[in-house]
Amino acid sequence: MDINIINPLVVSFTDILPQIGFQSVERRSISLVGSTLDYDGVLVHISLVGVLKGAILIGMSLDSAKQFASKMMMGMDVTELDSLAQSAISEMGNMVCANACTQFAKAGISGLDISPPLLLIGKNGQATLPVPQTIAIHFAVDGIDVHVYVGLLQVTS
């Protein structure tokens, strides 16, 4: 996968999160990982279809997800990841990925569409993306660790 394909997603992530209440979005690291991801906590899974196919996953620990949801809900106390908190986290993923489609279009890659977000919550979970390699981007969002996994393939006609 071409690492330059992640730029529209990074731009989207850093543009959208301040619009929903976050002050600081820092990209910490980028690495190449395999197609299988181990996780403890929460993963928001959104599929991308069109000339790019694959998935974008946004992951964080359960405690981080509670902090993240609280921030999105204007400081409301989130002690458990109930349906309202889950909805907030899912909507963030939806907003980031929809905006990424706009950013891709600005870069000349148009005709993309996204699936509704799928929220995965688990301990010792594993997700396998339908690509040989995935790019992992680590962000600190108001001090909350967030990992974005990009597994996209460019489809040729």
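The values are calculated or read from the model by the stated rules, or taken from the named source; none is laboratory data. Predicted model only: the values in this text are computed from it and were never measured. Positions of Cβ are backbone-derived with ideal geometry, glycine not excepted, and every protein chain shown enters the neighbour counts.
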Residue selected from the stretch 10-47 under the condition under 22 Å from residue 87 (Cβ atoms) and out of contact with any strand residue (DSSP E or B) (no Cβ under 6 Å at 6 or more places or on another chain), by the criterion surrounded by the most Cβ atoms within 10 Å (Cβ to Cβ) = 13
Residue check, residue 75 at pLDDT below 90, more than 14 Å from residue 135 (Cβ to Cβ) and out of contact with any Asp or Glu (no Cβ under 8 Å at 6 or more places or on another chain) | yes
Residue among 102, 134, 128 that is buried (at least 21 other Cβ atoms within 10 Å of the Cβ), polar (S, T, N, Q) and touching a Ser or Thr at 6+ places or on another chain (Cβ under 9 Å) = 134
